[in-house]
Structures are given as structure tokens and as C-alpha cells.
1. Select, from Phe345, Phe370, the only residue that is at negative phi and touching a residue at least 60 places away in the same chain (Cβ under 8 Å).
2. Please determine, by comparing only the residues of the stretch 129-150 that are within 11 Å of the ligand (Cβ to nearest atom) and open to solvent by less than 30 Å² (accessible area, probe 1.4 Å), which one is nearest to Gln13 (Cα to Cα).
3. Just name the residue that is farthest from the ligand (Cβ to nearest atom) out of those in the stretch 110-128 that are without any contact (Cβ under 8 Å) to a residue 60 or more places away in the chain and open to solvent by 40 Å² or more (accessible area, probe 1.4 Å).
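The values are calculated or read from the model by the stated rules, or taken from the named source; none is laboratory data. Keep in mind it's a predicted model, so treat the numbers as computed, not measured. Counting neighbours? That spans all protein chains shown, and the Cβs are built from the backbone with ideal geometry, glycine included. These accessible areas exclude ligands, DNA and RNA; they are computed on the full protein's heavy atoms, side chains included. Shrake-Rupley method; radii C 1.70, N 1.55, O 1.52, S 1.80 Å.
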Amino acid sequence: MVKLNENYKSLKQSYLFANIAKKVGAYAAEHPGAKIIRLGIGDVTQPLTPPVIQALVKASGEMGVKETFRGYAPDDQGYPFLKDAVRNYYLKFGVTLSNDEICVSDGAKSDISNFTELFDKENAVLIPDPVYPVYLDGNLMAGRKIVLAEGNEKNSFLPLPDKSAEGDIIYICSPNNPTGAAYTKDGLKQWVDFARNKGSIIFYDAAYEAFITDPALPHSIFEIDGARECAVEFCSLSKTAGFTGTRCGYTVVPETLSIGGENLLKMWLRRQTTKFNGVAYVVQRAAEAVFTEEGQKACKEVINYYLGNARIMSETLDKLGVWHTGGLNSPYVWMDCGMDSWEFFDTLLNEVNVVGTPGSGFGRCGEGYFRLTAFNTRENTIEAMERLSKLYK
Ligand code: PLP
């Protein structure tokens, strides 16, 4: 009889968002007139920008004309026009890449999981806690040993390596989901040095880099000396440009990255050319439009809108004297809720009709904390903060 992958049994059921929906649904049914404000939304809410739409329309037209129709791309790691655009974008951070090092993908989630295929099951995986749950579940599915790097108020939810830490594969997410905390160059340098000493690899998730406003903070791990010898970077246009439903991202694998004499870029290309047939031409044209001057301006307007909401939340918590991270370089605000995360969820829902995400859903260290997101409207964010202030008073 066929045997199943037993590792799936070690996965916890993902109850977080289902539970939230159930509780909110029950409350709404009992209180039909209530205006519930959702600050738990993890998806973007603003539409694609005009430059992106124009590119999509133009590329779609090309697909209907024999001379400009495109089938399989000649290089399924991305068209040169998009690789050029990404390469030029990195130059703004002082990072020089070659087009070969940029692998266009249908988003960061799939690449973050797929890249682990290049590594043996026996590797230990170091994952920050709390964090985006995909890192943990992806490695549990493969049966790998997990070690958690504890985030807490003392380290401002930015754990640094300690000598005793095990970790052949090290995940870093900056700015972090859910905490919104972002590493400084010095913090990342410590991780790079640690990885190089141990012969480990860093999986750097830069999905929220476009939200960084502090000019001193790094957007890419490749701003750090030595990172080309120990890191790969996953990035996404999902939150940067509203591509959650359009699907495009890119993974950067330095040509200089080898382990035991094996070149990782070659291995990744071997994997991708076998199992992946590239991103749709029209979507790559839309992604190219994100990186034009006009496209960047339009994206920044949307990001600034979200960041404006985040700042309002952060300032409200400051006034209330509530410890929190995030909000300045991230669409997420992570607050100390002073009680069990789910108890706080219930209190907020029942007392002031505001919905957020219990921190415990992102890892054990998230217990006692709560995530608010900036993806609702300005008006609703302001109203939710007024309600929260009343509750605290
Ligand atoms: N990485 C982090 C930290 C995220 O929060 C998300 C989405 O929420 C992703 C990656 C997924 O990005 P994509 O939509 O490109 O798969």
C-alpha cells in the first residue's frame, strides 16, 4: 500500500484565521447593527496602480497578435526586461547583482518552501519565534529538526545569534511579519558572521522591504559584507505593489554561493527548470512597470497610505503607554496586550468591535501580544484607535 508522508502528522491545524472568522461571524450574527473594524487584514486592500494596469492591458493586447504572442519564455527565470528592472532597483541600495542571479517567481511563499529542497532532511533549521508560519510548517513537512530563536521585549523581537544556537538553515524576516521589527545593518552583520562561521545558509525574507522608511536600515541582506557567501534573498511584489492576487516575486541567489563545492545557483536553476515554467508574460510586464519612475511613485503613494495608518496606531499606543514594535518601517504593529492573546481578542471584539490577530498564532513567544495591520482605510483606522483609547481609559 502506498505510504504517506508521516511528517504531515506533526503539523498543527491552522486554526488562527478560521477561529477569528468564526468568532467575528458569531458576534456579527448576534449584533446585526455593529460596525466591526478589521485590523487583522493581512492582505492589501488598495487596487493595482495605473502604470501597472496600463502595462497589463498593453501586454494582454500583444498576446492576441500573432507577431507579439508569447508562449514558453526563452528563459523561465524571467524576461531580461524584468531582470534589468530588478537589478537597477538593487543598485539604489548599493547592491550590484547580475541578471543571472535574479530568478523571477510567482511569489515569495512558494520559493521560500521550494528552496529547502536543495538541502538534506538532516539539517537543523533555526526559525525566529514569532514569525510567518510558512517557515515552520514547510520544514515540518520535510521532517527537519526545528530550533526556535526567541523574540521578546528584551531583544525588541529581533533575536540575535548566540553561540550555542544550532542552525544549518537560518530564516530571517525583516521587517518581520508579525512584529514589524526590522534589523539594523549591525544586527544582520551578526547573523552573516554567525552563518559564515558555522557554514550555515541564511534564507532572508525581504517581502516588506519597501515599507522601510528609515534610511539607515538595510533593504537587502546583500548590503552586508559577506552575505554573498552565505545568503539567498526572497522578495515579493505582493505587499510592495499590491500583487497578492497577480503573483510575482524574485529570489536572488548569488553566483558566489557554494556549499561543499556545489554551486547553489546551478542547483536552483536545475530545480526550477525541471519543476517550474515561469511567470506569465503579462504579469512580468506588470512587474516591470512597478520599477519605472512612474510605477515607483505610484507604489510609494499606496505604501505611504498604509504607513500613515500604521503611524496612527503606533502613536495611539505611545499615548496609552502600551509597549509595541513595528509601525514605522512596516504595515504591522505588534503590541503587548497584557493578557492572553485570545482573551484580548475577545475583549476587543466584544467591547469595542475591533478585530486584530492574536500573537500566539505566530509562535509560542507571541503569547501575550497582538498584531494590528495597516491595511484598512484611514477612517476606520482612526475610528478603531479612538475606540481602543476609550477601552484603555
Ligand atoms: N513572506 C512574508 C513574511 C509574508 O508575510 C508573506 C505574505 O504575507 C509572504 C512572504 C508571501 O508573499 P507572496 O505573496 O509573494 O507569496
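1. Going through Phe345, Phe370 in turn, just one is at negative phi and touching a residue at least 60 places away in the same chain (Cβ under 8 Å): Phe345.
2. Once the filter is applied, the top-ranked residue is Val134.
3. The residue in question is Glu122.
The rows are residues; the columns are (1) of a type in the set (Asp, Glu); (2) part of a helix (DSSP H, G or I); (3) open to solvent by less than 70 Å² (accessible area, probe 1.4 Å); (4) touching a residue at least 40 places away in the same chain (Cβ under 8 Å).
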{"position": "Lys3", "(1), (2), (3), (4)": "no, no, no, no"}
{"position": "Lys9", "(1), (2), (3), (4)": "no, yes, no, no"}
{"position": "Gln13", "(1), (2), (3), (4)": "no, no, no, no"}
{"position": "Ala26", "(1), (2), (3), (4)": "no, yes, yes, no"}
{"position": "Gly42", "(1), (2), (3), (4)": "no, no, yes, yes"}
{"position": "Gln46", "(1), (2), (3), (4)": "no, no, yes, yes"}
{"position": "Val52", "(1), (2), (3), (4)": "no, yes, yes, yes"}
{"position": "Leu56", "(1), (2), (3), (4)": "no, yes, yes, yes"}
